[in-house]
Amino acid sequence: MMYEGTNITVTVDTDGIAEFCYNAAGSVNKFDRQTIAEFDAATQAIAADSSIKGVVVHSAKPAFIVGADITEFTTMFAASDAEMLEWIQSSAQVFDRFEDLSIPTIAAINGVALGGGFEMALVCDFRVAETTAQVGLPEVKLGIMPGFGGTVRLPRIIGADTALEWITTGANKKADKALADGAIDAVVAPEQLIATAKAMLQDAIAGKLNWQSRKQTKVSPLTLSPNEAIMSFNTAKGMVFAKVGKHYPAPHMMVNTVEAAARLGRAEAMQLEHKGFITLAKTDAAKAQIGIFLADQVVKVKGKKMAKQATKDIKQNAVLGAGIMGGGIAYQGAVKGVPTIMKDINTAALDLGLTTAAGILEKGMQRGKVTPAVMASTLNNITPTLDYSAISHADLVIEAVVENPKVKSIVLAETETHVADDAIITSNTSTISIDHLAKSLQKPERFCGMHFFNPVHRMPLVEIIRGEKTDEATISAVVAMSLRMGKTPIVVNDCPGFFINRVLFPYFAGFSRLILDGADFVAVDKVMEKQFGWPMGPAFLLDVVGIDTADHAASVMSDGIPERMLKIENDPVTLMYNAKRLGQKNGVGFYDHGKDKRGRPSKTPAPVAIAMIAEHAAATQAFAPEEVIARLMIPMANESIRCLEEGIIGSPEEADIALLYGIGFPPFRGGIFRYIDTMGLANFVELADKYAHLGPIYQVSDGVREMAAAGKTYFTA
């Protein structure tokens, strides 16, 4: 053993090849301060030993290196620019010193090599990967950019165009794609990985592979003519802006950095990378996106812990109600290998459910993401039936019939008589009280809510609602099944609207009041989409959700929380509903919906809707974007705070992830509590007080007022 650290060891075989092995004390290899210090010490030990002829870098873990330790990043990002520069430069120089070894080097990549892990592979002269490996530079997803040379080395290895696509999207690349792009040199079976790496290294030592030219390429300027550079970088800038707009500074910074560094050597190019890294680290977008990453880890850990406590083995699901929603839920279980009974009371509904599942699979096949075998096995896992007796062996029943408490109660009571005593029964309700529905059951302890979001196959969230009598064994089993179905489960306590709809409908109420005060709904949508960052503005979202669904849910919320959510007189949503303008489902709502020349969905502001609203609203007037945002977001923020204070949602992290995965909260804002923290609680209270005269949904709780006075935040309180 020529070097032995806590996370890295180096041994030398009889052929003079050093095996540089990452084997962290923890579960995965990652770059933290300790590992970087050992990396430097091991590199210097190799450089000092003239008997070493080459180096193979590999991992003793199931994955090569997963990246940098993000928890250390968050601490460092709070430091001054000078302190950050010293840290990033000293760390990057360790990578440079390894790259500058006067012997050939090769990375043998197993599992994943991401972020700093892939930057480790890039400093090697050659790279070989096993067939299941994935590599990439995903830093853009955290609102930052590579800092250990990723933007310098990758363009010089695979070309600027391809490298910019890699780093601005942050996508993981499978081994075969990485090979085709030139980022790795060979792909082999896992059992051949180390042997192949050593054989390639021996060829380099023998002069059969030109490792010296590999090193020189990575420290030299890019080989682009002026015209090629103009075309390459202008194209990249246009593509990035079209994809992410103005809210995400990281991909723009990456393109500008690679462009500015194109005619520079490694040392000068690294200086530009570090400057960009520090600039991005200080942005609100980076804080928000890193916050999402950390919150997602909190949610994942909590879900896995709950799933491990599950004592019931669920072998078969049943879905009651086979429309678009029921078909989507049945598909989601079936595609993950869960046999699923799909029951309805008429054949047409069953046909619609099967058509929904088949349509999802067919689109997947068209995109090359679904094989015929997967399509066949998924559809074979769905058994349509009109007979209750078919669900007698189901371990988990998901009721997904019409959103009507009387109908649901009847179906649930009848279901209980046809399933085993230990079968779990759930309701895919979006607003109806779980405690109310539980009254129809003899065993309410085995009942809870299981709220999926539409379209089921795309929306990651499942809101699991714990009723007053729901036992923990039921919750654990449903969490475990949600994870098995590929969803992110978040457990909330029962209340009107649960968490997502409880905080969404004050947002809609703020929208309705603003429209009645004379705002143009098209202008409001534009502000909330283009400036705040929602995927859809409120009017468009209401059309997509369904005006009938929204009006019904508003009534439920009004009955459940009358002190804040009484229905608004002449609510534009109710006006649309009464006029049978139901949104996308019948083609007319706030917008008229149709197809464009290419057959894609289109929408145009509906003159009928505009005229209908004008009869009940104040004269049309323009509102500043800041006021539009405040009048819609303050109600959502206030209700989210109340849900946290009342224990409806367990933590700010869960709330942020729920809104991100459930209704598309803008990632660059990090979630509702990250948004409030970024604004500052004192500033939020001051802004809300400005609009407090508009009604209870704008009035802050005593709890947030106390937190603001104490200078606290939701992520440090």
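Taken together, the values in this text are just the output of simple stated rules run on the coordinates, not laboratory data. Remember, it's a predicted structure, so these values are computed and weren't measured experimentally. When we count neighbours, we look across all protein chains shown, and the Cβ atoms used for this are built from the backbone with ideal geometry, even at glycine.
Prolate is the label for the stretch 336-438. Its Cα gyration tensor axes, ordered a ≥ b ≥ c, give a/c of at least 1.5 and a/b above b/c. Cβ under 14 Å from residue 86's Cβ, residue 86 left aside: what net charge do those residues give with Lys, Arg +1 and Asp, Glu -1? Surrounding charge for residue 86 is 0.
Look at where the Cα atoms of the stretch 401-437 and of the stretch 553-570 average out, and the two centres are 24 Å apart. Only aspartates and glutamates eight or more places from residue 595 in sequence, or on another chain, were considered; those with a Cα closer than 17 Å are 543. Here's how it looks for residue 591: its modeled amide H is under 5 Å from those of 606, which are all 5 or more places away or on a different chain. For the stretch 224-238, 3J(HN,Hα) computed residue by residue from phi via the Karplus equation (6.51, -1.76, 1.60; θ = phi - 60°) reads 10, 6, x, 5, 4, 5, 4, 5, 4, 6, 5, 4, 4, 4, x Hz, glycine and proline entered as x.
Near residue 69, the amide H atoms lying under 5 Å from its own belong to 31, 32; only residues 5 or more places off or on other chains count, and H is placed 1.01 Å from N. Counting only Cβ charges, +1 for Lys and Arg and -1 for Asp and Glu, the dipole size of the chain around its Cα centre is about 1380 debye. For the chain, the antiparallel share of DSSP beta bridges with both residues in that region comes to about 30%.
Direction-averaged projected area, Cα convex hull, the chain: 33.8 nm², rounded to one decimal. In terms of packing, defined here as the mean over residues of other Cβ atoms within 10 angstrom, the peptides 331-337, 365-371 line up highest first as 331-337, 365-371.
Summing +1 for each Lys or Arg and -1 for each Asp or Glu among the other residues whose beta-carbon sits under 15 angstrom from that of residue 477 gives +3.
Each peptide among 55-63, 613-621 gets the average number of other Cβ atoms lying within 10 Å of its residues, and from highest to lowest they stand as 55-63, 613-621. Pairs spanning more than 26 Å between alpha-carbon atoms, out of 53/208; 343/585; 343/603: 343/603.
Geometric descriptor of the stretch 504-627, per residue, is 107 Å³ (volume of the convex hull of the Cα atoms). Across the alpha-carbon atoms of the stretch 1-118, the computed radius of gyration and Dmax are 14.5, 48 angstrom. Separation of the stretch 443-460 from the stretch 616-660 is 24 Å, based on Cα centroids. Out of every Cα-Cα pair that the stretch 255-409 contains, those further apart than 18 angstrom amount to 71 percent. Taking only the alpha carbons of the stretch 310-495, we obtain Rg and Dmax values of 15.2, 47 Å in that order. Sorting 588-594, 12-18 by average packing, meaning the other beta carbons within 10 Å per residue, from highest down gives 588-594, 12-18.
For the stretch 650-690, applying the loop criterion from DSSP together with a ceiling of 10 other beta carbons within 10 Å to the chymotrypsin sites (Phe, Trp or Tyr not before Pro) yields no site. Residues whose amide H comes within less than 5 Å of that of residue 602, counting only those at least five positions distant or on another chain, are 594, 595, 596 (H built at 1.01 Å from N in the peptide plane).
Rounded to the nearest 20 Debye, what is the dipole magnitude of the stretch 166-292 about its Cα centre when Lys and Arg each give +1 and Asp and Glu each give -1 at the C-beta?
Here the size comes out at about 220 debye.
Spherically averaged projected area of the convex hull of Cα atoms, the stretch 3-282: 13.9 nm².
Our coupling estimate for the stretch 623-632, obtained by passing each phi through the Karplus curve with A = 6.51, B = -1.76, C = 1.60 and θ = phi - 60°, is 10, 4, x, 4, 6, 4, 4, 4, 6, 9 Hz, Gly and Pro reported as x. Rounded to whole numbers, the Karplus 3J(HN,Hα) couplings from phi for the stretch 106-115 are 9, 9, 9, 9, 10, x, 10, 10, 10, x Hz, using 6.51 cos²θ - 1.76 cosθ + 1.60 with θ = phi - 60°, and x at Gly and Pro.
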